[in-house]
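The values are calculated or read from the model by the stated rules, or taken from the named source; none is laboratory data. This structure is a prediction, so every number in the text was calculated from the model and none was measured. Note: ideal-geometry Cβ built from the backbone for every residue, glycine included; neighbour counts use all protein chains shown.
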Amino acid sequence: MSLGPVMLDLVGTSITAQEREMLLHPQAGGVILFTRNYESPEQINALIQEIHALRTPHLLVAVDHEGGRVQRFRDGFTHIPPATTYGKHYAKDKKQAKQFARECGWLMAAECRAVGIDMSFAPVLDIGTGLSGVIGDRAYHAKPEIIAELAHEYMLGMHKAGMQATGKHFPGHGSVKEDSHTAHPVDQRSLNDIMMEDIVPFERMIHFGLAAVMPAHVVYPAIDDKPAGYSQIWLQEILRQKLNFQGVIFSDDLSMEAAGIVGDFSTRANTALNAGCDMVLVCNHSEAAQQVLESLEGYSNPVSQMRLVRMHGRGDINRQELMASTHWKMIVDKIQRLDDDPNLELGV
């Protein structure tokens, strides 16, 4: 059974009978986990093993575990600093800031891989303009070149732990005030302005080998009247053709307010896939997820399937051995000292 184009979620810390049936549906391809699914490292590891055992190739298991305020698992996991931390230290010591970004990318991915998670939707490549509250300290910096530099290091750390990276939110969510979870953001800038600023981190990260991209539920009317995640112009003409991106395109959550602009959940999923997404996320709405699975009956995209299997985590990491390692202890100690004194230098 190949991976389908739909990523679903779970309501609790175990799989219900209805969820099991949905995960065995041919159009299911992944599961995204949230804080409500987590009790302990041991529990989440057992849950993920159960998910992985359902199918071959196994369903992708993903999480939003960027660090800072967007980190789904807390107790039993190291608190990863928000992205802006690396940017602030970049001004003091470029070399140390880059090293710290790489170390934290490795730490985040290693701790997730140690419980079986395939991928975390990170890093954020949006520009830290200070305008967007939902982005805020999730952005590395205000300068696109520095964002690319630090995000590259973070991605290299993720790769070392056996995890691919997903850059978000293409082509950029940093220049709109509204939150696409609860509103309909519109960015009135020209294509040239966006290409000269927001696209730069994505373009450079694609050159560095970025495996996946997640588009924003933001409308850029100078380019298209649809949000980027529904736009063939953004996903096909610009991302695929102009930027030569060959990796996976994940939609952002189709239950977000801004995603409703095109209609019901079936329409949202079909519009996103037709625009160029390889996989769509349907979260916090089990009836909608079922509707989407049924609406995609018979859907097949062999190219997307080939892309998606590359997102599986690589290698096995033993959690006890990880936490006993000198490397893990050194980075955790550095983070803890930084938490105690944000002005502390990053040197060991």
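Mind listing whichever residues of segment 270-301 are part of a strand (DSSP E or B) and closer than 13 Å to Asp9 by Cα?
Residues of segment 270-301 that are part of a strand (DSSP E or B), as a first pass: 279-281.
Scanning segment 270-301 gives Val280, Leu281.
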Can you tell me how many residues in segment 74-109 are among the small types (Gly, Ala, Ser) and outside any loop (DSSP other than H, G, I, E, B)?
5
Filter segment 49-73 for residues that are in a loop (DSSP other than H, G, I, E, B) and touching a Phe, Trp or Tyr at 6+ places or on another chain (Cβ under 8 Å); which is nearest to Met155 (Cα to Cα)?
Asp64
Where residues in segment 307-316 are in a helix (DSSP H, G or I) and not β-branched (Val, Ile, Thr), which of them is surrounded by the most Cβ atoms within 10 Å (Cβ to Cβ)?
Leu308
Being at pLDDT 95 or above and within 15 Å of Pro171 (Cβ to Cβ) narrows it down to one of Leu293, Leu239, so name that one.
Leu239
I want to confirm something. Restricting to segment 106-124 and keeping residues that are over 18 Å from Met214 (Cα atoms) and of a type outside the set (A, V, I, L, M), which single residue is nearest to the chain's Cα centre (by Cα)?
Cys112
Taking only pairs six or more apart or across chains, which ones have beta-carbon atoms under 9 Å, a first residue in segment 37-54 that is over 18 Å from Arg72 (Cα atoms), and a second residue that is among the hydroxyl-bearing types (Ser, Thr, Tyr)?
Glu50/Ser14
Among (1) buried (at least 22 other Cβ atoms within 10 Å of the Cβ); (2) more than 23 Å from Lys168 (Cβ to Cβ); (3) aliphatic (A, V, I, L, M), Val6 falls short only on (2)
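Scan segment 186-232 for residues that are of a type in the set (D, E, K, R) and without any contact (Cβ under 8 Å) to a residue 24 or more places away in the chain and jot them down.
Our first condition is that a residue be of a type in the set (D, E, K, R); within segment 186-232, this holds for 187, 189, 193, 197-198, 203-204, 224-226.
Answer for segment 186-232, where residues must be of a type in the set (D, E, K, R) and without any contact (Cβ under 8 Å) to a residue 24 or more places away in the chain: Asp193, Asp224, Asp225.
Take the residues in segment 317-341 that are surrounded by fewer than 11 Cβ atoms within 10 Å (Cβ to Cβ) and at pLDDT below 95; name whichever of them is farthest from Ala114 (Cα to Cα). Working first, answer last.
Here is the first cut: in segment 317-341, the residues surrounded by fewer than 11 Cβ atoms within 10 Å (Cβ to Cβ) are 318, 320-321, 324, 326, 340-341.
Narrowing the set further to residues that are at pLDDT below 95 leaves 340-341.
Working: Asp340: 27, Asp341: 29 Å.
Checking each candidate, the answer is Asp341.
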Looking at segment 141-151, can you tell me whether even one residue there is within 24 Å of Leu254 (Cβ to Cβ) and touching a helix residue (DSSP H, G or I) at 6+ places or on another chain (Cβ under 6 Å)?
no
Please count how many residues of segment 169-183 are outside any loop (DSSP other than H, G, I, E, B) and surrounded by fewer than 24 Cβ atoms within 10 Å (Cβ to Cβ).
0
If you check Ser266, Ser255, Ser304, Ser251, which single one turns out to be hydroxyl-bearing (Ser, Thr, Tyr), part of a strand (DSSP E or B) and surrounded by 15 or more Cβ atoms within 10 Å (Cβ to Cβ)?
Ser251
When Gln18 is run through (1) farther than 30 Å from Ala151 by Cβ; (2) under 22 Å from the mean Cα position of the chain (by Cα), the failure sits at (2)
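Can you tell me which residue among Ala151, Ala122, Ala109 is surrounded by 22 or more Cβ atoms within 10 Å (Cβ to Cβ) and in contact with a Pro (Cβ under 7 Å, 6 or more places away or on another chain)? Step through it out loud before you land on a result.
Working: Ala122 fails: in contact with a Pro (Cβ under 7 Å, 6 or more places away or on another chain); Ala109 fails: in contact with a Pro (Cβ under 7 Å, 6 or more places away or on another chain).
Answer to the check: Ala151.
Looking at Arg74, Arg102, which is the one that is free of Cβ contacts under 8 Å to residues at least 40 places away in the same chain, at negative phi and not hydrophobic (A, V, I, L, M, F, W, C)?
Working: Arg102 fails: free of Cβ contacts under 8 Å to residues at least 40 places away in the same chain.
Residue meeting the stated conditions: Arg74.
Identify all residues within segment 274-290 that are of a type in the set (A, V, I, L, M) and either buried (at least 24 other Cβ atoms within 10 Å of the Cβ) or closer than 22 Å to Leu33 by Cα (or both); write none if there are none. Explain how you work it out, then say what you get.
From segment 274-290, those of a type in the set (A, V, I, L, M) are 275, 279-282, 288-289; that's our starting set.
Passing the criteria: Met279, Val280, Leu281, Val282, Ala288, Ala289.
Restricting to segment 38-64, name every residue that is farther than 13 Å from Val115 by Cα and surrounded by 15 or more Cβ atoms within 10 Å (Cβ to Cβ).
As a first pass, look at segment 38-64 and keep what is farther than 13 Å from Val115 by Cα: 53-60, 64.
Once the filter is applied, which keeps residues that are farther than 13 Å from Val115 by Cα and surrounded by 15 or more Cβ atoms within 10 Å (Cβ to Cβ), segment 38-64 yields Leu54, Arg55, His58, Leu59, Leu60, Asp64.
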